[in-house]
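Enquirer: So that we are looking at the same thing, I have put the structure below in structure tokens.
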Amino acid sequence: LAKTTQPISMDSYEGQEVNITCSHNNIATNDYITWYQQFPSQGPRFIIQGYKTKVTNEVASLFIPADRKSSTLSLPRVSLSDTAVYYCLVGDGGSQGNLIFGKGTKLSVKP
Amino acid sequence: GAVVSQHPSRVICKSGTSVKIECRSLDFQATTMFWYRQFPKKSLMLMATSNEGSKATYEQGVEKDKFLINHASLTLSTLTVTSAHPEDSSFYICSARDQLAGEQFFGPGTRLTVL
């Protein structure tokens, strides 16, 4: 399974756009990139998943360059409630399907 | 979206006792479920993969005789922490893989405190 590298922490202010980049140099051809959000004492919550180019949903966008060795989660206009740990995972979601978590990025949104 | 529940949400037990944690997929079938452990301010660590109708696959360093996993149906997996000790105190999270959609959903977690 591909190893991921993310910044340990990021600070932002309410209303700003936040971009969290994840490196996954050893991503395999059939791997997808998935981002999860976790609040303290809660299970991870799915945010977005993509394979290449750009994916957008109601909460975030995911940008993946052509070489797929990195990805960027973009959170538009963050609020205090977006303060959480964000995990980037890569995997094929295949028969094994186990997701290996890296250290994640702790995002702190300030008023 | 799909829901995964865990019971209990938190449990406090005495050292030496056993504790069972249930993980249920509420609106989908899951042939595969996963158990994670998370210590304070740390990331999730995969403990084992639970396969319906067969033995669980444990990650390196996880004692299978201490962390008993049973996946007797397509919607239920249980993790039993046997002879719990204070160092087993942690946040235990399960996830279930929707065998049709292929997506993986996480439960809310169980806080175990061993006194």
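Rule-based calculations on the coordinates, nothing more; no lab input. Keep in mind it's a predicted model, so treat the numbers as computed, not measured. Cβ: placed from backbone, ideal geometry, glycine included. Neighbour counts: every protein chain shown.
Enquirer: At B:SER5 and A:ILE8, where each label point lies 7 Å from the Cα along Cα→Cβ, what is the point-to-point distance in nanometres?
Expert: Once both label points are built, they end up 4.0 nm from each other.
Enquirer: What are the aspartates and glutamates whose alpha-carbon lies under 19 Å from the alpha-carbon of A:LYS110, with same-chain residues fewer than 8 places away excluded?
Expert: Within the straight-line limit of under 19 Å, A:LYS110 reaches these aspartates and glutamates: A:ASP11, A:GLU14, A:GLU17, A:ASP82.
Enquirer: Continuing with this model, one more query. By a straight-distance test (C-alpha under 26 Å), which lysines pair with B:LYS55 as possible cross-link partners, with residues fewer than eight away in the same chain excluded?
Expert: The qualifying lysines are B:LYS20, B:LYS64, B:LYS66.
Enquirer: Expressed in nm to one decimal, what extension gain is obtained for the pair B:THR80 and B:LYS41 from 0.36 nm per residue of sequence separation less their Cα-Cα distance?
Expert: Numbers: separation 39, 0.36 × 39 = 14.04 nm, distance 2.38 nm.
That works out to 11.7 nm of additional length.
Enquirer: Return the single residue from A:LEU89, A:LEU75, A:LEU62 with maximal mean-square fluctuation; model: Gaussian network over chain A, springs between Cα atoms under 10 Å.
Expert: Per the Cα network of chain A with a 10 Å cutoff, A:LEU75 tops the list.
Enquirer: Also, quick follow-up: For B:ARG10, B:ARG111, what ranking results if the residue with the fewest other Cβ atoms within 10 Å of its Cβ goes first?
Expert: Going from sparsest to densest Cβ surroundings: B:ARG10, B:ARG111.
Enquirer: May I pose another question? Compare A:GLY15, A:GLY43, A:GLY91 in a GNM of chain A, Cα atoms joined below 10 Å, and give the one with the largest fluctuation.
Expert: Result: A:GLY43 has the largest fluctuation of those listed.
Enquirer: Using Cα springs under 10 Å in a Gaussian network model of chain A, which residue among A:ILE100, A:ILE33, A:ILE48 shows the largest mean-square fluctuation?
Expert: A:ILE100
Enquirer: Then there's this: For chain B, what is the charge dipole size about the Cα centre, in debye to the nearest 20, if Lys and Arg each add +1 at the Cβ and Asp and Glu each add -1 at the Cβ? Let's see the in-between values first.
Expert: Values: 12 positive and 10 negative charges, 72 e Å.
It works out to roughly 340 debye.
Enquirer: Compute the FRET efficiency between A:ASN30 and B:LYS20 as 1/(1 + (r/R0)^6), taking r as their Cβ-Cβ distance and R0 = 25 Å, and round to the nearest 0.05.
Expert: FRET efficiency, A:ASN30 to B:LYS20: 0.10.
Enquirer: Could I ask something else about it? Find how much the distance from A:ASP67 to A:SER79 grows on full extension, using 0.36 nm per residue of separation minus their present alpha carbon separation; answer in nm with one decimal.
Expert: Roughly 1.1 nm would be gained on extension.
Enquirer: Using +1 at the Cβ of each Lys and Arg and -1 at the Cβ of each Asp and Glu in the protein assembly as shown, identify which of B:HIS85, A:TYR86, A:THR105 lies farthest towards the dipole's positive end.
Expert: B:HIS85
Enquirer: Each label point is 7 Å from the Cα along the Cα-to-Cβ direction; what then is the distance between the points at B:GLU87 and B:LEU68, in nm?
Expert: Here the modelled spin labels are 2.2 nm apart.
Enquirer: Another question, then. Cross-link candidates for B:LYS42: which lysines have Cα within less than 18 Å, leaving aside residues fewer than 8 places away along the same chain?
Expert: Reachable lysines: A:LYS3, A:LYS103, A:LYS106.
Enquirer: Taking 1 over the mean of 1/r across every pair of different Cα atoms in chain A, what Kirkwood radius in Å do you get?
Expert: Every distinct Cα pair counted, the radius reaches 14.0 Å.
Enquirer: Per Stokes-Einstein, at 4 °C and 1.567 mPa s, what whole-number D in µm² s⁻¹ belongs to the stretch B:1-73, with the Kirkwood radius over Cα pairs as the hydrodynamic radius?
Expert: Details: Rh = 13.7 Å.
Diffusion coefficient, whole number: 94 µm²/s.
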